[in-house]
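K.L.:
To start, I am sharing the structure in question, which I have written as structure tokens.
The values are calculated or read from the model by the stated rules, or taken from the named source; none is laboratory data. As the structure is a computational prediction, the values presented were derived from the model and not from experiment. A quick note on method: Cβ atoms are made from the backbone with ideal geometry, for glycine too, and the neighbour counts reach across all protein chains shown. Just the protein is used for accessible areas: all its heavy atoms, side chains included, with ligands, DNA and RNA removed. Shrake-Rupley method; radii C 1.70, N 1.55, O 1.52, S 1.80 Å.
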Amino acid sequence: MKKARKILIIDDSTVMLARAKRALVSEGYEVIATSQVVGNARHLPTADLVLIDYHMPGLNGSSVLESLRALATTMKNKQPFYVYTSDALIALRYRELGFDGAFSRKGDDEELVRQTRAFFRIVEMREARAPT
């Protein structure tokens, strides 16, 4: 049996975190949902995907991303960092903001599940083609 993919979600809204976690756990994903901006490094080594809210009080997702990426450079597991937003402009600018991709339509749980499934299908196809 394949182990569940682990997703770390960082968002200042505990309501959004609870909704996202419920939707993804019901699909078989392991989810760590946190509103803490610092202290997430311990979750990085086992995360298969990191979703970061862009709009947070006093800072933005790029700041959070920058600190996590600095920590991740020393780790074996190279997790992708995606912005999680309902702001269409931010979603379009994900690469220039430093993210690997964007999950858009934040707040739409069905869309979150759909985008997560699509993301991991691509990961699985790449893993299947990778030389052993």
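K.L.:
For the stretch 12-25, does any single residue satisfy the condition of being part of a strand (DSSP E or B) and either under 13 Å from Phe81 (Cα atoms) or not polar (S, T, N, Q) (or both)? It would help to see each step written out before you state the result.
P.N.:
To start, the set of residues in the stretch 12-25 that are part of a strand (DSSP E or B) comprises none.
The answer is no; no qualifying residue exists.
K.L.:
Could you grab the pairs with beta carbons closer than 9 Å, sequence gap of 6+ or different chains, first residue in the stretch 62-76 and of a type in the set (A, V, I, L, M), second one modelled with pLDDT of 80 or more and assigned to a helix (DSSP H, G or I)?
P.N.:
Cβ pairs passing all conditions: Leu68/Leu44; Leu71/Leu44; Ala72/Leu44; Ala72/Pro45; Met75/Leu44; Met75/Pro45.
K.L.:
Ok, one more. Mind listing just one residue for me: the one in the stretch 86-132 that is aliphatic (A, V, I, L, M) and touching a Ser or Thr at 6+ places or on another chain (Cβ under 6 Å) and, of those, farthest from Arg19 (Cα to Cα)?
P.N.:
Ranking the qualifying residues of the stretch 86-132, first place goes to Leu97.
K.L.:
Would you mind stating whether Arg126 is assigned to a helix (DSSP H, G or I) and over 21 Å from Ser35 (Cβ atoms)? I'd like the intermediate steps shown before the answer.
P.N.:
Working: assigned to a helix (DSSP H, G or I): yes; over 21 Å from Ser35 (Cβ atoms): yes.
For Arg126, the condition - assigned to a helix (DSSP H, G or I) and over 21 Å from Ser35 (Cβ atoms) - is met.
K.L.:
So, Ala118, is that one assigned to a strand (DSSP E or B) and out of contact with any Gly (no Cβ under 7 Å at 6 or more places or on another chain) or not? Spell out the reasoning first.
P.N.:
Values: assigned to a strand (DSSP E or B): no; out of contact with any Gly (no Cβ under 7 Å at 6 or more places or on another chain): yes.
Against the criterion (assigned to a strand (DSSP E or B) and out of contact with any Gly (no Cβ under 7 Å at 6 or more places or on another chain)), Ala118 does not qualify.
K.L.:
Being closer than 23 Å to Asp12 by Cβ and basic (Lys, Arg) is the filter; apply it to the stretch 103-131 and report the residue that is farthest from the chain's Cα centre (by Cα).
P.N.:
Per the stated criteria, the residue is Arg105.
K.L.:
Sticking with this structure for a sec: Could you figure out which of (1) in contact with a helix residue (DSSP H, G or I) (Cβ under 7 Å, 6 or more places away or on another chain); (2) under 19 Å from Val113 (Cα atoms) isn't true of Asn40?
P.N.:
That leaves (2) as the condition not met.
K.L.:
Which residue is most open to solvent (accessible area, probe 1.4 Å), if the candidates are limited to the stretch 82-132 and must be touching a residue at least 24 places away in the same chain (Cβ under 8 Å) and of a type in the set (Val, Ile, Thr)? Please lay out each step first, then the result.
P.N.:
If we filter the stretch 82-132 for residues that are touching a residue at least 24 places away in the same chain (Cβ under 8 Å), which is where we start, we get 82-85, 87, 90, 97-99, 103, 106-107, 109-110, 112-113, 116-117, 119-120, 123.
Narrowing the set further to residues that are of a type in the set (Val, Ile, Thr) leaves 83, 85, 90, 113, 116, 123.
On the way: Val83: 0, Thr85: 3, Ile90: 12, Val113: 14, Thr116: 0, Val123: 30 Å².
Looking at residues that are touching a residue at least 24 places away in the same chain (Cβ under 8 Å) and of a type in the set (Val, Ile, Thr), I get Val123.
K.L.:
So, in the stretch 52-70, exactly how many residues are in a loop (DSSP other than H, G, I, E, B) and either within 13 Å of Tyr82 (Cβ to Cβ) or open to solvent by less than 20 Å² (accessible area, probe 1.4 Å) (or both)?
P.N.:
Going through the stretch 52-70, the residues in a loop (DSSP other than H, G, I, E, B) turn out to be 54, 57-58.
Then keep just the ones that are either within 13 Å of Tyr82 (Cβ to Cβ) or open to solvent by less than 20 Å² (accessible area, probe 1.4 Å) (or both); that gives 54.
Total meeting the criteria: 1.
K.L.:
Being among the small types (Gly, Ala, Ser), open to solvent by less than 40 Å² (accessible area, probe 1.4 Å), free of Cβ contacts under 8 Å to residues at least 60 places away in the same chain and closer than 16 Å to Phe120 by Cα is the filter here; which residues of the stretch 5-42 pass it?
P.N.:
Answer for the stretch 5-42, where residues must be among the small types (Gly, Ala, Ser), open to solvent by less than 40 Å² (accessible area, probe 1.4 Å), free of Cβ contacts under 8 Å to residues at least 60 places away in the same chain and closer than 16 Å to Phe120 by Cα: there is none.
K.L.:
Restricting the search to the stretch 83-105, which residues are small (Gly, Ala, Ser) and closer than 14 Å to Leu65 by Cβ? Before you say what the answer is, go through the steps one by one.
P.N.:
We begin by selecting, within the stretch 83-105, every residue small (Gly, Ala, Ser); these are 86, 88, 91, 98, 101-102, 104.
Passing the criteria: Gly98, Gly101, Ala102.
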